[in-house]
1. Does the stretch 285-304 include one or more residues that are crowded, with 19+ Cβ neighbours inside 10 Å, farther than 18 Å from Asn112 by Cα and within 21 Å of the chain's Cα centre (by Cα)?
2. Can you name the residue in the stretch 305-356 that is of a type in the set (Lys, Arg) and part of a helix (DSSP H, G or I) and is also farthest from the chain's Cα centre (by Cα) among such residues?
3. Would you pick out the residues in the stretch 1-21 that are touching a residue at least 12 places away in the same chain (Cβ under 8 Å) and outside any loop (DSSP other than H, G, I, E, B)?
4. Taking the condition modelled with pLDDT of 95 or more and on the phi > 0 side of the Ramachandran plot, does Tyr58 pass?
5. Does Val119 meet the test of being among the aliphatic types (A, V, I, L, M), part of a helix (DSSP H, G or I) and away from the ligand (no atom under 14 Å from the Cβ)?
6. Can you report the number of residues in the stretch 94-105 which are surrounded by fewer than 23 Cβ atoms within 10 Å (Cβ to Cβ) and assigned to a helix (DSSP H, G or I)?
7. Glu109 is checked against (1) closer than 30 Å to Asn311 by Cα; (2) touching a residue at least 40 places away in the same chain (Cβ under 8 Å) and fails just one. What number does that condition carry?
8. From the set of residues in the stretch 268-284 that are assigned to a helix (DSSP H, G or I) and small (Gly, Ala, Ser), which is surrounded by the most Cβ atoms within 10 Å (Cβ to Cβ)?
Amino acid sequence: MENNFPKLFIPGPTHVSKDILEELCTDQIGHRTPEISDLIGFIVNGIKEILYTKNKIYLVSHAATGLWEMGTKNSVKKGILHCVNGAFSSKWALSSSMCGFNTDIIDYEWGNGIKVDDVDQYLSSGNYDVFAMVHNETSTGVMSNLEEISELLKSKYPDVLWLVDAVSSMAGVKIDVDKLGIDFLLSSTQKAWGLPAGFSICSVSERFLDTSKTIENKGYFLDVEVYDKYINKLQTPTTPSIPHMFGLKKVIEIIKKEGLNNRWNRHIEMAKYTRDWAFNNGQELFPEENYESYTLTCIKNIKGWDINSINEILLKKGFRMDRGYGALRGKVFRIPHMGNIYMEDLKEYLNVFDEVLCQLKY
Ligand SMILES: Cc1ncc(COP(=O)(O)O)c(C=O)c1O
């Protein structure tokens, strides 16, 4: 069925190409059959390669927000430390405090990245058994450095469990899970995976699972022990979104064909291209230097462009732009370059954007 919806240039849900969308229309299969186990086996092995991990992979038929609570409900006993540097990290910390955990935050100004010395200082109190952070803050376009945090945790806090939200970086940025030692890594599918929203993925370390076994009253729906029992049979605890699974299989095939290093480099190249485009137009970037995301670019609108007018003209030309998240609306705008957006798509979009700027006499 043809429609006239604009092509998405927002940082989630991102553009899904036709060949992937078609896979979601595959005939349904039963969720307790050999067919589903073949499908899940392929997906889980593919994700393990993409994340460089031997950890368990769980496939979850709901939004990533539910995985924030899967992460915390299966791990926190003493207390959890959150880094907050944007809208999503803030919501995750809120979720932890609403779950009743002893929750502290390191509060950064939006646009800033997480500093390893701050994490060290807070963890040295001994008040926390879990540390949670967002790798790529989609609201601000800030990507923090996982290697630095990994070194800190390994050298000084080996007993602290490490939870990472990689919703807008997984499958677009290299995350070497086993080398880094991430205990719980989560993402949903509507960003760099380039699939529709409503399906999520997590990788879970052995010691995270062991910790979960010692926790009482964690409920049923988000209990990783339940997920583990079913994934060992290559199944899921509840009836999954099977269309997403067919789509995910297709995306994994595309990623394998592209090659992992090519994929990571493509995202870096597109980020550089977008940053240069912003600078050439006299704009600045919103994130502090050295913390700019590879999957989206958040541009500080210092030129005072009328973002609403640009948006209206872009819509007429067939593109849906981003106008900034929450409190940043109008002050920044974000350009996504991940998943099914390739260099030619990005160039096409930025060329049209340039035409609009000309039209508005900027
Ligand atoms: C960094 C980050 N974390 C979490 C979420 C929430 O994801 P979901 O809508 O799948 O719950 C988002 C959504 O944009 C996000 O960007």
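1. Taking every residue of the stretch 285-304 in turn, none turns out to be crowded, with 19+ Cβ neighbours inside 10 Å, farther than 18 Å from Asn112 by Cα and within 21 Å of the chain's Cα centre (by Cα).
2. Of all residues in the stretch 305-356, those of a type in the set (Lys, Arg) come to 316-317, 320, 323, 329, 331, 334, 347.
Now drop any that are not part of a helix (DSSP H, G or I), which leaves 316, 347.
Details: Lys316: 30, Lys347: 23 Å.
The qualifying residue farthest from the chain's Cα centre (by Cα) is Lys316.
3. Passing the criteria: Lys7, Leu8, Phe9, Asp19, Ile20, Leu21.
4. Details: modelled with pLDDT of 95 or more: yes; on the phi > 0 side of the Ramachandran plot: no.
It is false that Tyr58 is modelled with pLDDT of 95 or more and on the phi > 0 side of the Ramachandran plot.
5. Values: among the aliphatic types (A, V, I, L, M): yes; part of a helix (DSSP H, G or I): yes; away from the ligand (no atom under 14 Å from the Cβ): yes.
Against the criterion (among the aliphatic types (A, V, I, L, M), part of a helix (DSSP H, G or I) and away from the ligand (no atom under 14 Å from the Cβ)), Val119 qualifies.
6. Narrowing the stretch 94-105 to residues surrounded by fewer than 23 Cβ atoms within 10 Å (Cβ to Cβ): 94-95, 97-105.
Filter again for assigned to a helix (DSSP H, G or I), leaving 94-95, 97-98.
Summing the residues that are surrounded by fewer than 23 Cβ atoms within 10 Å (Cβ to Cβ) and assigned to a helix (DSSP H, G or I) in the stretch 94-105 gives 4.
7. The single condition Glu109 does not satisfy is (2).
8. Of all residues in the stretch 268-284, those assigned to a helix (DSSP H, G or I) come to 268-280.
The next check asks that each one be small (Gly, Ala, Ser); those that pass are 271, 278.
On the way: Ala271: 24, Ala278: 21.
Step by step, filter the stretch 268-284, then rank; the result is Ala271.
The values are calculated or read from the model by the stated rules, or taken from the named source; none is laboratory data. Keep in mind that what you see is a predicted model, and the values were worked out from it rather than measured. Because the Cβ atoms are built from the backbone with ideal geometry, glycine has one as well, and the counts that use them run over all protein chains shown.
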